[in-house]
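Written below as structure tokens is the structure these notes are about.
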Amino acid sequence: MWCYEHGGEAYADAAVSLDFSVNINPLGMPAAARDAIVAHMHEYERYPDPFCRDLRAAIAGRCGVPPATVLCGNGASELILALCSCLRPRQALTLAPTFSEYRRSVELFGGALRAHELAEADGFALTEALLDKLTAPTDVLFLCNPNNPTGRLADPGLLVRIADACVERDITLVLDECFIDFTQGHSMLKSLGAYPNLVVLQAFTKSHAMAGLRLGMLFCSNERLVSDVARHMPTWSVSRVAQVAAVAALGEEGWLEKTRSLVKRERDYMAQALQGLGLAVCPSDANFLLLRSDRPLYEPLKEQGILVRRCANFCGLDDSYVRIGLKTRRENARLVEAVASLLDGSNLSSRP
């Protein structure tokens, strides 16, 4: 059996009734997407459109970019893999801690990946210290914004400075924005035309609760690069089910505004409640929280049917850290109660 390094692996334990190890929209999938899946059932005996024409047109219209700058894939992880297959980076740079698929994909194609460590003392915030790391022979920089598992957004001005530095030093900047829709942050999509070396990744997986359908998007103003990456992907990568559901989801008015409102309310509630129990809660802008506890949480919570994401396999973290995705108030309150019963009023460290 190969190693699985992510959340959402609730299949191995039937006793799990609440899965906080994933960062999915607590509102679930939009009703328009569910209805479209049923309405188009007669089409599923045919091969899906290999070029995702309708979907790419809908995405381009929503984002204000040309369709030729959009590439759809079976989740952002497939696009990261295809991008590394295409570029074959020899020396890549990323953050620590951050999403592990960057390292896996770079190393799979023979490259090496350096990690710029984020400081717990800074709340794992990205600082201008990264600029000093943008040196030869670095050819690709992977940045997750907001970062996973910390949930921190990068300062917009710093992102521009990083993008400018990457242009000057001929570095491809891969900006993973798969959680941007849960935040008040602004996407770099509007800057695509200014940075031909900028690749932006987004996904329906989290924001529209389509983790099981798998749908990610790659944006780049360099249409030649988009076409080259496409050649490193399987034909029919995106199923017809995912295509029709995503087109319908884009038409659900007010969905992201409603999502952000709920996420902020539950994030504030959970941060305050868990800090009140003595846990260290990393400041977050996203739909998840990074926690640190001096006492074990993962196994004891699992015994109560609650799954959280243990973070020891994130570079820079250890077994004392877990990550939780935000859910509805009722589900979040159950997690707080479970943690309270485990800690039983013990005094824990209050960092970071």
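The values are calculated or read from the model by the stated rules, or taken from the named source; none is laboratory data. Quick caveat, the model's predicted, so the values are computed rather than measured. Virtual Cβ from ideal backbone geometry, glycine too; neighbours counted across all protein chains shown. Areas reflect the complete protein model, heavy atoms only, side chains present, ligands, DNA and RNA absent. Shrake-Rupley method; radii C 1.70, N 1.55, O 1.52, S 1.80 Å.
Numbers for the structure displayed
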{"read-out": "Selection count where residues are open to solvent by 20 Å² or more (accessible area, probe 1.4 Å) and either more than 21 Å from the chain's Cα centre (by Cα) or modelled with pLDDT under 95 (or both), scope segment 240-249", "value": "3"}
{"read-out": "Residue match in segment 101-111 (condition: outside any loop (DSSP other than H, G, I, E, B), of a type in the set (Gly, Ala, Ser) and closer than 24 Å to Arg224 by Cα)", "value": "yes"}
{"read-out": "All positions within segment 294-343 that are under 21 Å from the mean Cα position of the chain (by Cα) and at positive phi", "value": "Gly316"}
{"read-out": "Qualifying positions in segment 168-217 - in a strand (DSSP E or B) and within 18 Å of Val244 (Cα to Cα)", "value": "Gln202, Ala203, Gly216, Met217"}
{"read-out": "Candidates Arg260, Arg224, Arg231 - the one that is open to solvent by 30 Å² or more (accessible area, probe 1.4 Å), modelled with pLDDT of 95 or more, farther than 28 Å from Asp139 by Cα and charged (D, E, K, R)", "value": "Arg260"}
{"read-out": "Conditions (1) loosely packed, with under 15 Cβ neighbours inside 10 Å; (2) farther than 21 Å from Ala209 by Cα; number of the one not met by Val339", "value": "(1)"}
{"read-out": "Sole residue being closer than 18 Å to Glu223 by Cα, basic (Lys, Arg) and over 20 Å from the mean Cα position of the chain (by Cα), chosen from Arg90, Arg56", "value": "Arg56"}
{"read-out": "Pair list, Cβ under 8 Å, 6 or more apart: segment 165-177 residue under 10 Å from Cys220 (Cβ atoms) and in contact (Cβ under 8 Å) with a residue 24 or more places away in the chain, other residue in a loop (DSSP other than H, G, I, E, B) and open to solvent by less than 10 Å² (accessible area, probe 1.4 Å)", "value": "Thr172/Pro89"}
{"read-out": "Some residue of segment 194-204 being of a type in the set (Phe, Trp, Tyr), within 17 Å of Asn74 (Cα to Cα) and either surrounded by fewer than 24 Cβ atoms within 10 Å (Cβ to Cβ) or under 18 Å from the mean Cα position of the chain (by Cα) (or both)", "value": "yes"}
{"read-out": "Options Gly212, Gly216; residue that is surrounded by fewer than 18 Cβ atoms within 10 Å (Cβ to Cβ), within 22 Å of the chain's Cα centre (by Cα), under 17 Å from Ala76 (Cα atoms) and among the small types (Gly, Ala, Ser)", "value": "Gly212"}
{"read-out": "Residue check for Ala60: without any contact (Cβ under 8 Å) to a residue 24 or more places away in the chain and either open to solvent by less than 40 Å² (accessible area, probe 1.4 Å) or in contact with an Asp or Glu (Cβ under 6 Å, 6 or more places away or on another chain) (or both)", "value": "yes"}
{"read-out": "Flag for Pro156 being closer than 24 Å to Leu290 by Cα and either in contact with an Asp or Glu (Cβ under 6 Å, 6 or more places away or on another chain) or buried (at least 24 other Cβ atoms within 10 Å of the Cβ) (or both)", "value": "no"}
{"read-out": "Top-ranked residue of segment 82-100 - restricted to ones that are assigned to a helix (DSSP H, G or I) and touching a residue at least 60 places away in the same chain (Cβ under 8 Å), ranked as surrounded by the most Cβ atoms within 10 Å (Cβ to Cβ)", "value": "Leu83"}
{"read-out": "Given (1) touching a strand residue (DSSP E or B) at 6+ places or on another chain (Cβ under 9 Å); (2) farther than 25 Å from Pro149 by Cβ, index of the condition Asn74 fails", "value": "(2)"}
{"read-out": "Tally of residues being open to solvent by less than 10 Å² (accessible area, probe 1.4 Å) and touching a Leu at 6+ places or on another chain (Cβ under 8 Å) across segment 181-191", "value": "1"}
{"read-out": "Qualifying position, being open to solvent by less than 40 Å² (accessible area, probe 1.4 Å) and either part of a strand (DSSP E or B) or free of Cβ contacts under 8 Å to residues at least 24 places away in the same chain (or both), among Leu55, Leu131, Leu79, Leu71", "value": "Leu71"}
{"read-out": "Hits in segment 192-243 - residues which are of a type in the set (S, T, N, Q) and under 30 Å from Leu326 (Cα atoms)", "value": "Gln202, Thr205, Ser207, Ser237, Ser239, Gln243"}
